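Written out below as structure tokens is the structure these notes cover.
The values are calculated or read from the model by the stated rules, or taken from the named source; none is laboratory data. Predicted model, so just to flag it, every value in this text is computed and none were measured. Cβ sites come from the backbone with ideal geometry, for glycine too, and all protein chains shown count toward neighbours. Quick note on the areas: whole protein, heavy atoms, side chains included, nothing else; ligands and nucleic acids left out. Shrake-Rupley method; radii C 1.70, N 1.55, O 1.52, S 1.80 Å.
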Amino acid sequence: SISVFFPSPFSSIPPFLPLSSMMRGKATKASVQETMEQHNDDMTDKLAAKVDSLRQISLKINKEIDEQNKDLDNLSDTSDDIINSLGKSMKNLMGLANAGGTRPLLVRACGMFGFFLVVYFFSSRFTSEV
């Protein structure tokens, strides 16, 4: 018996159809070709659906990457601002230390410590509620 091979793991048609069983009844060479064409059309439609699905996934990935790049740019700008501000504060602190003794420096250092302690307290309180 001669067999026709349909190479598709997605098909509902069995992979091997005996040609003799296709020829029984009123099956002709033309109906075998029609069956093969229909099978190829089904496979093409399924492939097109998979390609469209992959396209949608890649567009979502691209959008997510763009959003993350914007977030990283904002984070970089913010950290640069913080570093510049800290550098200016250190320069001012060094100027105070060089200009006038330790008492004003100690008062300002305690004030800054108190300020950061208050900021930490409020930030930890608000973040724990979320």
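With R₀ set to 22 Å, the beta-carbon distance separating MET94 from PHE126 gives a calculated FRET efficiency near 0.05.
The mean accessible area for residues of the stretch 40-120, using a 1.4 Å probe and ignoring ligands and nucleic acids, is 88 Å² per residue. Shape summary: the stretch 64-125 maps onto an equivalent ellipsoid whose semi-axes, from the alpha-carbon gyration tensor, are 33, 17, 4 Å in decreasing order. Each residue was assigned an accessible area with a 1.4 Å probe, and for LEU54 the value is about 120 Å². For the set SER85, SER31, solvent exposure ranked by accessible area (probe 1.4 Å, protein chains only) runs largest to smallest as SER85, SER31.
Extension gain, CYS110 to ASP41: 0.36 nm times the residue separation minus the Cα-Cα distance gives 17.0 nm. To the nearest 10, the accessible area of ASP80 is 70 Å² with a 1.4 Å probe.
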